[in-house]
Amino acid sequence: MRAAAQLPILGAMAKSSGGKSGAGRSGGKGAGCGQQSGGTRMTQERASKIQSAGDSRPDSATGRSGFGSRARSAGDRNAQADKSGD
């Protein structure tokens, strides 16, 4: 029965953080200092898909935020770094 008593507390915690994991992270842009935050690097192909999605739905969060152009820039920068061997 102890687990059932904890469920409302866990629900309240999820609601207070907006239900997002990683709510304790700082809100800045990227990982800072040119470091990746984990996962994979942005590719030109992924950036193109993100930018196309934002362009086709300008009222979406992606369209309004300008993330498509930032993704494109990161994809181009990563492609250039791969060519130069960085």
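Every number in this text was worked out from the coordinates using simple rules, so none of it is lab data. All values reported here derive from a predicted model rather than from experimental measurement. As a convention, Cβ positions derive from the backbone with ideal geometry for all residues, glycine included, and neighbour counts pool all protein chains shown.
Find out how many positive minus negative residues lie around T40, taking Lys and Arg as positive, Asp and Glu as negative, among other residues whose Cβ is under 15 Å from that of T40. Can you show the working numbers first?
Numbers: positive: R41, R46, K49, R77; negative: E45, D82.
Summing Lys/Arg as +1 and Asp/Glu as -1 gives +2.
What is the dipole size for segment 41-86, taken about its Cα centre, with +1 at each Lys and Arg Cβ and -1 at each Asp and Glu Cβ, in debye to the nearest 20? All intermediate terms of the calculation are to be shown ahead of the outcome.
On the way: 9 positive and 6 negative charges, 18 e Å.
Result for segment 41-86 is approximately 80 debye, rounded to the nearest 20.
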